[in-house]
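**Q** Here it is, the structure, as structure tokens.
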Amino acid sequence: MRRVYNFSPGPAALPLPVLETIRDELLDYQNTGMSIMEMSHRGKVFEGLLDDINQRLRKLASIPDRFDILYMTGGASAQFAFVPMNLSGKGRKAGYVNTGVWSEKAIEQANLLGIQVFDAGSSKDKNHSYIPEVKTTSGLDYLHVTSNNTIYGTQFQKLPSPGDTKLVIDMSSDFLSRPIDWSNIGMVYAGAQKNAGPSGVTIVVVDREYYGRESAETPTVFRYSTYAKNNSLYNTPPTFQMYVFGLVVSWIEKQGGLEEMHRYNQHKAELIYNVMDEFPKFYTGHAVKNARSLMNITFRLPSEDLEGKFLKAAEERKLMGLKGHRSVGGLRASTYNAVGEEACQVLSVLMREFARSNGG
Ligand SMILES: Cc1ncc(COP(=O)(O)O)c(C=O)c1O
């Protein structure tokens, strides 16, 4: 079997034991004689699976009772619109921290819906290489932040304080990679495709207190309360993706939970950041040190020519998916939950050798 070291930004690597379980159960899910993809989302088997996933997730991420867990489609991009539609409304006020392209897309949707957007901080002046000071004000329906900035490789090391409102967090690229302190949170959403599963399902954890705030004309299928009332089965949900998400949740449990996942992710990222710090003239990090992401490590080499050469040398060692996003350039190593220590070790060895043999 030829499996590469997969550093893709998303869809991203899945744990091998999860893929093996999918393979083993694909034709006959737990003696039902059919694939999980072939059965009704309203049948006993799928509903049982869904309850089990919810219980496990609630325990794994220590989600307090006041929250519902919903499964939706349309990715985080759809949430950019669903959040203001459900939690705020035309003429009302919400705060947004701008830490990059994804925050900007969220702000764009709030503007489209007539929300008064309060500028709660921005890192735009330095191409989003740092995490800005977060300001807040009174009367906000929520304060929106992007906890990990996939493109730039920056991450909130600690969640900001939202003042007298609650945080709404786009956790698309760090959900389930570290423990979550729910005390100031109103809602969290994340596409599964980085740390938690395949693309096609969005996990939404929302405080029930928000239901009923949407305007009367909000279509039924766009309301969080509809998903909550129907246990995410109002329309046919992405059943296969939810099943795989459940397998990833169980895999994280087996790794020792979120504390342990966090420790492992810190160790993996350190392997790579340490080489950058050994050769600071050769590897220039995009993120300032105190904003470094444990999930996406972004760096440049002295020239585009050398970056091209590095990518080729990486491929020869089966290190894939390392090309940076066009708005930052250079390289990006996405070291999500399922990217193993060995992959990070192999990359760090190449980085050291490459710097030494190219004048670093
Ligand atoms: C932080 C963040 N938010 C939102 C998105 C958009 O997600 P989707 O493509 O699932 O809509 C991404 C995608 O990479 C992301 O990294």
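Each value in this text was obtained by applying a stated rule to the coordinates, not by laboratory testing. Not measured: the values here are computed from a predicted model. A quick note on method: Cβ atoms are made from the backbone with ideal geometry, for glycine too, and the neighbour counts reach across all protein chains shown.
**Q** Could you list log10 I(q)/I(0) for the stretch 179-309 at q = 0.13 Å⁻¹, which the Debye formula gives when each Cα is one point scatterer?
**A** Calculated log10 I(q)/I(0) at the listed q: -0.80.
**Q** At q = 0.14 Å⁻¹, what is the base-10 log of I(q)/I(0) for the stretch 98-236 according to the Debye formula with one equal point scatterer per Cα and no solvent? Please give it to two decimals.
**A** Values returned for q = 0.14 Å⁻¹ are -0.71.
**Q** Can you tell me the length gained on complete extension of the stretch residue 317 to residue 111, counting 0.36 nm per residue apart and subtracting the Cα distance? Before the final figure, lay out each step's value.
**A** On the way: separation 206, 0.36 × 206 = 74.16 nm, distance 4.61 nm.
Working it through step by step, the gained length comes to 69.5 nm.
**Q** Would you please put 30-36, 109-115 in order of how densely packed they are, using the mean number of other Cβ atoms within 10 angstrom per residue and starting with the highest?
**A** Working: 30-36: 12.4, 109-115: 16.7.
The packing order, highest mean first, is 109-115, 30-36.
**Q** Stretch residue 35-residue 62 to full length: gain in nm at 0.36 nm per residue minus the Cα-Cα span? Don't skip to the end; give the middle numbers.
**A** Numbers: separation 27, 0.36 × 27 = 9.72 nm, distance 3.11 nm.
So the extension gain works out to 6.6 nm.
**Q** Would you mind working out the magnitude of the charge dipole of the stretch 257-357 relative to its Cα centre, with +1 at each Lys and Arg C-beta and -1 at each Asp and Glu C-beta, to the nearest 20 Debye? Could the numbers behind the result be given before it?
**A** Working: 15 positive and 13 negative charges, 59 e Å.
The dipole magnitude comes to about 280 debye.
**Q** As an exercise, use a Förster radius of 22 Å and the Cβ-Cβ distance of residue 93 and residue 215 to find the FRET efficiency, rounded to the nearest 0.05.
**A** Numbers: r = 15 Å, r/R0 = 0.70.
FRET efficiency, residue 93 to residue 215: 0.90.
**Q** What distance in nm separates the two pseudo spin-label positions at residue 124 and residue 4, each 7 Å out from Cα along the beta-carbon direction?
**A** Distance between label points: 3.6 nm.
**Q** For the pair residue 78/residue 104, report the inter-label distance in nm, with labels modelled 7 Å from Cα in the Cβ direction.
**A** Here the modelled spin labels are 2.5 nm apart.
**Q** Still on this model: Let me check I've understood the local charge: for residue 307, count other residues with C-beta under 14 angstrom from its C-beta, Lys and Arg +1, Asp and Glu -1. What total comes out? Each step should come with its number before you reach the end.
**A** Working: positive: 300, 309, 312, 323, 326, 332; negative: 304, 305, 315.
Surrounding charge for residue 307 is +3.
**Q** At 7 Å along the Cα-to-beta-carbon direction for both residue 230 and residue 253, put a label point, then send me their distance in nm to one decimal.
**A** 2.8
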